[in-house]
1. Please work out if residue 163 is closer than 18 Å to residue 76 by Cβ and of a type outside the set (Gly, Ala, Ser).
2. If you scan the stretch 57-86, which residues turn out to be over 10 Å from the mean Cα position of the chain (by Cα), hydrophobic (A, V, I, L, M, F, W, C) and exposed (fewer than 15 other Cβ atoms within 10 Å of the Cβ)?
3. For the structure I just gave you, tell me whether residue 100 is among the basic types (Lys, Arg), at pLDDT 95 or above, closer than 26 Å to residue 25 by Cα and surrounded by 13 or more Cβ atoms within 10 Å (Cβ to Cβ).
4. Quick check, is residue 163 more than 30 Å from residue 16 (Cβ to Cβ), touching an Asp or Glu at 6+ places or on another chain (Cβ under 9 Å) and not acidic (Asp, Glu)?
5. With respect to residue 135, is the statement that it is closer than 16 Å to residue 62 by Cα, in contact (Cβ under 8 Å) with a residue 24 or more places away in the chain and among the basic types (Lys, Arg) true?
6. Where in the stretch 1-90 are there strands (runs of 3 or more DSSP E), lying fully within it, with 3 or more residues that are free of Cβ contacts under 8 Å to residues at least 40 places away in the same chain?
Amino acid sequence: MRVPPVGDPGDLVSVDAVDDPFTLFTEWFEKARERELNDPNAMALATSDEAGLPDVRMVLMKSFDSSGFVFYSNARSQKGVELTANMQAAGVLHWKSLGRQVRFRGPVGHTTDAEADTYFASRVRDSRIGAWASRQSQPLAGREILEADVRRETARFDNADVPRPPQWVGYRIRPVYLEFWTNMPFRLHDRLVFRRETPDGKWNGGRLYP
């Protein structure tokens, strides 16, 4: 059994050394891209419905910058419906190969249509066709129905470009909370935390007990 790496207290980051937590996230993410075997951009995404019941699933973070973390989805999916009702979300990326994870939460906004178009165009053709064929999160009586839907859309776009479906959109989580967690000996883990009042506000850093 592979044991997650344990950090060295001498390597811990000082709060005062971090002007922008996204700079630290960039450093951690680059290391994860080198070390993590599969999908270093996989993140657990938590949303909630109108009644406040939480829901969580794995998605892929497709980009990030100082304005937030971006993922894409069908707006008619379960997560899309929940986000329409409550435009707030939380996410976590866990990198077992590094013994690290990053948590964040905040309000959610949409990417621009241009951003969504550009990313959608970068997907392989079959994935773009699948986005048209799938009525995401709706009941499916049998796999053969989905396969027939894919054949129909494949024929419809034969020898033509596959544009972005209008319901396929980008979401950006604009964090007001960012936590950098490092696996440490004896479960005395390090938790470096940054908070701000609004997505455009100034970050304040500190540490939490494990």
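1. When the stated conditions are applied, residue 163 passes them.
2. Result: 85, single match.
3. Answer is yes for this residue.
4. Criteria met by residue 163.
5. Answer is no for this residue.
6. Correct list: 54-60.
The values are calculated or read from the model by the stated rules, or taken from the named source; none is laboratory data. Just so we're clear, the structure is a prediction, and the values are computed from it rather than from any experiment. Because the Cβ atoms are built from the backbone with ideal geometry, glycine has one as well, and the counts that use them run over all protein chains shown.
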